[in-house]
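Derivation of every value follows stated rules applied to the coordinates shown; laboratory data play no part. Since we're looking at a predicted model, the values are computed, not measured. Cβ atoms come from the backbone with ideal geometry, glycine included; neighbour counts cover every protein chain shown.
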Amino acid sequence: MLKLLAPIMPFVTDQIWRSLYGESIHRQLIEDPDPRFDNKEYLNMLEPFMEFNRAIWTYKNKTGLSLNEPIDGVIYTPEVLKPLEIELKAMHKIREIKFGKPAGSYEVLDESLPIYLVK
């Protein structure tokens with residue numbers, strides 16, 4: 001935390017660092033990023049994740065639902081978002097998410113991803 005604050009509060013952070021470690025904070029290196037965040041799988045999900053959010057927000061806006069109201073029905077989305085199922089359900093108050101294309105009648109929420117709603 002001190003390393004992050006050092007450019008903003010150089011004198012205070014340097015004094016604290018010197019009292020803890022005996023040398024200047026301004027000579028310290030910031031470590032390489034955590035390798036867990038260099039995951040290609042999550043990078044591949046970024047664009048579909050943003051499209052999914054946009055489609056849900058647009059649907060709620062169009063139907064007069066507030067963002068914190070649940071969606072009645074089942075949302076179908078591409079398999080690429082399966083690792084984020086729990087987060088998507090919690091974020092958008094979706095009762096059920098399935099992956100793939102539904103059979104029967106459905107409403108298309110987004111054609112480019114594609115995202116469907118079955119009521």
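Amide H contacts under 5 Å for residue 99: 77, restricted to partners 5 or more places along the chain or on a different chain, H placed in the peptide plane at 1.01 Å from N.
Note on 57, 17: ascending count of other Cβ atoms within 10 Å places them as 57, 17, the fewest first.
Exposure proxy shown here: for 115, 8, 94, the number of other Cβ atoms within 10 Å sets the order, fewest to most, as 8, 94, 115. Of the residues 62, 93, the one with the fewest other Cβ atoms within 10 Å heads the list, and the complete ranking is 62, 93. The phi-based Karplus calculation (6.51 cos²θ - 1.76 cosθ + 1.60; θ = phi - 60°) puts the 3J(HN,Hα) values of segment 43-54 at 5, 5, 8, 4, 5, x, 4, 5, 5, 4, 4, 4 Hz, whole numbers, x for Gly and Pro.
Note on residue 18 and residue 98: the model spin-label points, each 7 Å out from Cα along the C-beta direction, lie 6.7 nm apart. The dipole here belongs to segment 38-118: it is taken about the Cα centre, uses +1 on the Cβ of Lys and Arg and -1 on the Cβ of Asp and Glu, and is about 200 debye. Residues whose amide H falls under 5 Å from that of residue 110, counting only those 5 or more places apart or on a different chain, are 115, with hydrogens built in the peptide plane.
Loop-located GluC sites (Glu not before Pro) across segment 1-103 with a Cβ neighbour count of 13 or fewer within 10 Å are 23, 31, with loop assigned by DSSP.
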